[in-house]
1. State which residue pairs qualify: first residue within 22 Å of LEU199 (Cβ to Cβ) and open to solvent by less than 50 Å² (accessible area, probe 1.4 Å) and inside the range 218-242, second residue at pLDDT 95 or above and of a type in the set (Gly, Ala, Ser) in any location, beta carbons under 6 Å apart, and separation of 6 or more residues or different chains.
2. Among (1) more than 16 Å from the ligand (Cβ to nearest atom); (2) touching a residue at least 12 places away in the same chain (Cβ under 8 Å); (3) surrounded by fewer than 20 Cβ atoms within 10 Å (Cβ to Cβ); (4) assigned to a strand (DSSP E or B), which single condition is HIS143 missing?
3. Do the conditions hold for THR54, that is, is it within 23 Å of SER160 (Cα to Cα) and open to solvent by 50 Å² or more (accessible area, probe 1.4 Å)?
4. What number of residues within the range 1-50 satisfy the criterion of being within 14 Å of the ligand (Cβ to nearest atom) and either hydroxyl-bearing (Ser, Thr, Tyr) or in a helix (DSSP H, G or I) (or both)?
5. State which residue is nearest to THR206 (Cα to Cα) when the search covers only the range 96-140 and only residues that are within 15 Å of the ligand (Cβ to nearest atom) and touching a Pro at 6+ places or on another chain (Cβ under 7 Å).
6. List pairs: first residue in the range 104-122 and in contact (Cβ under 8 Å) with a residue 60 or more places away in the chain, second residue of a type in the set (D, E, K, R) and surrounded by 21 or more Cβ atoms within 10 Å (Cβ to Cβ) anywhere in the structure, Cβ distance under 6 angstrom, at least six positions apart or on different chains.
7. Looking at the range 170-228 only, could you name the residues that are among the acidic types (Asp, Glu) and assigned to a strand (DSSP E or B)?
8. Are any of the residues in the range 191-207 in contact with a strand residue (DSSP E or B) (Cβ under 6 Å, 6 or more places away or on another chain), at pLDDT 95 or above and of a type in the set (D, E, K, R)?
Amino acid sequence: MKFAILSKGDSKSDALKQKMMSYMKDFEMIEDTEAPDIVISVGGDGTLLQAFHTYSHRLDDCSFVGIHTGHLGFYADWLPHEVEKLVIAIKNEPMLRIEYPLIETIVRYEQGRETRFLALNEATIKTHNGATLVVDVDIRGQHFERFRGDGLCLSTPSGSTAYNKALGGALMHPSLEAMQMTEIASINNRVFRTVGSPLILPKHHTLHVTPVNKGKFMLTIDHITSEHQGIKSIQYRVADEKIRFARFRPFPFWKRVHDSFIASE
Ligand code: NAP
């Protein structure tokens with residue numbers, strides 16, 4: 001078993017990473033940051049997002065586990081005092097893997113070039129300077145609406161508890177192969193109209209966003225923000241790839257929702 005451990009970088013997470021590393025080596029597991037079979041993130045959900053983007057080229061070959069050193073996370077659901085138990089489970093127990101859907105974003109530029117991104121939580125589009133975003137939204141090749149507002153958010157099921165939730169989106173169980181579009185402060189009046197409700201699209205539906213005006217746009221893919229110019233259109237769909245989490249005990253999604261947002265026992 002080859003492993004890699006990523007820390008959030010604070011002293012608590014770094015210390016736990018060192019402890020975990022020495023346990024793993026005691027159990028004759030090999031540290032391999034290039035080609036790990038298991039990637040362990042120590043910190044929070046944000047750290048797991050970073051781990052995902054570090055190893056997104058190896059999704060077929062590795063599984064992820066998250067340990068939280070702050071509050072309970074959706075991806076980071078192991079506690080610091082459980083690390084011995086976790087190492088023993090990694091060493092001795094058959095690894096059960098659960099898969100969560102991702103979002104594929106393809107940005108097509110006017111010159112014909114295109115760039116592809118994978119998101120674990122969400123992809124968003126806004127203008128670069130806070131001006132109103134005006135875009136045409138097409139679903140399955142059919143014009144759906146002309147959106148005016150701050151932006152649009154396309155969330156995965158597991159990302160539905162993050163930015164999507166703050167935007168009034170629904171929480172989606174990660175076993176659903178779907179993506180959710182939520183509006184960020186749409187303009188709605190007698191002249192301009194958007195649907196106003198979050199949309200949940202199945203895997204075989206593709207959504208295109210086409211800017212009405214030229215300019216610079218701010219795209220986010222999880223925690224990563226980048227500025228883009230000369231965008232012709234952006235295609236969003238549920239990706240063919242999935243992220244795999246190593247599961248050594250049951251921790252149902254709705255229990256995590258309850259413990260995170262309602263009350264933890
Ligand atoms: P951050 O701004 O430092 O933290 C955002 C918060 O979102 C953290 O508390 C993080 O948890 C939590 N989080 C991340 N993924 C989550 C998930 N799937 N379900 C529930 N909570 C989640 O940024 P970051 O840590 O680098 O994370 C980037 C994410 O922040 C983006 O993907 C976006 O979803 C989220 N975000 C949220 C808002 C908002 O709610 N208004 C605005 C912008 C971005 P940990 O503390 O455990 O890391």
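The values are calculated or read from the model by the stated rules, or taken from the named source; none is laboratory data. Source: prediction; values computed, not measured. Neighbour counts are summed over all protein chains in view; Cβ atoms, including those assigned to glycine, are modelled from backbone coordinates with ideal geometry. The protein model used for the area step is the full one, side chains on, heavy atoms only, and it has no ligands, DNA or RNA in it. Shrake-Rupley method; radii C 1.70, N 1.55, O 1.52, S 1.80 Å.
1. LEU219/SER226; ILE221/ALA119; ILE221/ALA123; ASP222/ALA119
2. If we test HIS143 against (1) more than 16 Å from the ligand (Cβ to nearest atom); (2) touching a residue at least 12 places away in the same chain (Cβ under 8 Å); (3) surrounded by fewer than 20 Cβ atoms within 10 Å (Cβ to Cβ); (4) assigned to a strand (DSSP E or B), just (2) comes out false.
3. Judged against the criteria, THR54 is a match.
4. The qualifying residues number 10.
5. PRO101
6. Pairs found: ALA119/ASP222; LEU120/ASP222; ASN121/ASP222.
7. GLU183, GLU227
8. Yes, that holds for at least one residue.
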